[in-house]
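Notes for the one structure printed next.
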Amino acid sequence: MTENFRPTVLRNQAYEALRGKWTPAVVTSLVFCILLGVAVSLSRVNALLYLIAYLGGASIVAIGMLYACWDLFTKGTLPEAGALFAPFKQYARTVGAVLLVFVYTLLWTLLLVIPGIIKAYSYSMTFYILRENPEMTAGDAITASQKMMDGHKMDLFLLSLSFIGWAILALIPAGLGFIWLIPYMYTAQAAFYEELKKDYETREAA
């Protein structure tokens, strides 16, 4: 692991990006959690209804949250609830990518759980790539994500792992801490993606 991919470095970058912007980030995160909660509540009604609501709605809003934190990190843009719905402007393309990632990950998981987790990390940059490359298909973005993540899946896993302590603390006040933790995690992942792009460009140029 290089210094730039260390969890502490990425988390510090995320914290600095959020400095002075926590309030809008938390408000946006709260709206996201409410919408996600609505989708989850549908699981009590019907499993199929929940799956449709998640893949066709909640997952798209989650991508919106991802993009809001990415814009915060790269442009200093203040997150706002409206940003959660931005991916709906390219709904068919975004849903297509969500479905492909879901199906591919599920198929690998059905073989063995560990390969499924590894593949999930391989596909994790798909939506960043889709946004930066409007002409790219969902399948091509997934392929590009796998290439970029080659040799860096463990780095992202360790970054995710580094938030476990925070996640446990977030659970204590009835889970309310997650409205702060989610933008922190998503912004750290945005920092990871920016470093990953630099690394990939260097590898391709070599």
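The values are calculated or read from the model by the stated rules, or taken from the named source; none is laboratory data. Not measured: the values here are computed from a predicted model. Note that we place each Cβ from the backbone using ideal geometry, even for glycine, and neighbour counts take in every protein chain shown. Each accessible area value is taken on the protein alone, full model and side chains, heavy atoms only, with ligands, DNA and RNA left out. Shrake-Rupley method; radii C 1.70, N 1.55, O 1.52, S 1.80 Å.
Quick look at the values:
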| quantity | calculated |
| --- | --- |
| Residue selected from segment 80-96 under the condition within 15 Å of the chain's Cα centre (by Cα) and not hydrophobic (A, V, I, L, M, F, W, C), by the criterion farthest from ILE179 (Cα to Cα) | THR94 |
| Qualifying position, being open to solvent by less than 20 Å² (accessible area, probe 1.4 Å) and hydrophobic (A, V, I, L, M, F, W, C), among ALA144, ALA190 | ALA190 |
| Filter result (more than 14 Å from the chain's Cα centre (by Cα) and of a type in the set (A, V, I, L, M)) within segment 50-71 | LEU51, ILE52, ALA53, LEU55 |
| Boolean, VAL113 is open to solvent by 20 Å² or more (accessible area, probe 1.4 Å) and more than 19 Å from MET65 (Cβ to Cβ) | yes |
| Conditions (1) more than 15 Å from the chain's Cα centre (by Cα); (2) at pLDDT 95 or above; number of the one not met by TRP166 | (2) |
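Matching residues to (1) closer than 23 Å to THR187 by Cα; (2) β-branched (Val, Ile, Thr):
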position	(1), (2)
ASP71	yes, no
THR74	yes, yes
PRO79	yes, no
PHE85	yes, no
ALA92	no, no
VAL95	yes, yes
LEU100	no, no
LEU107	no, no
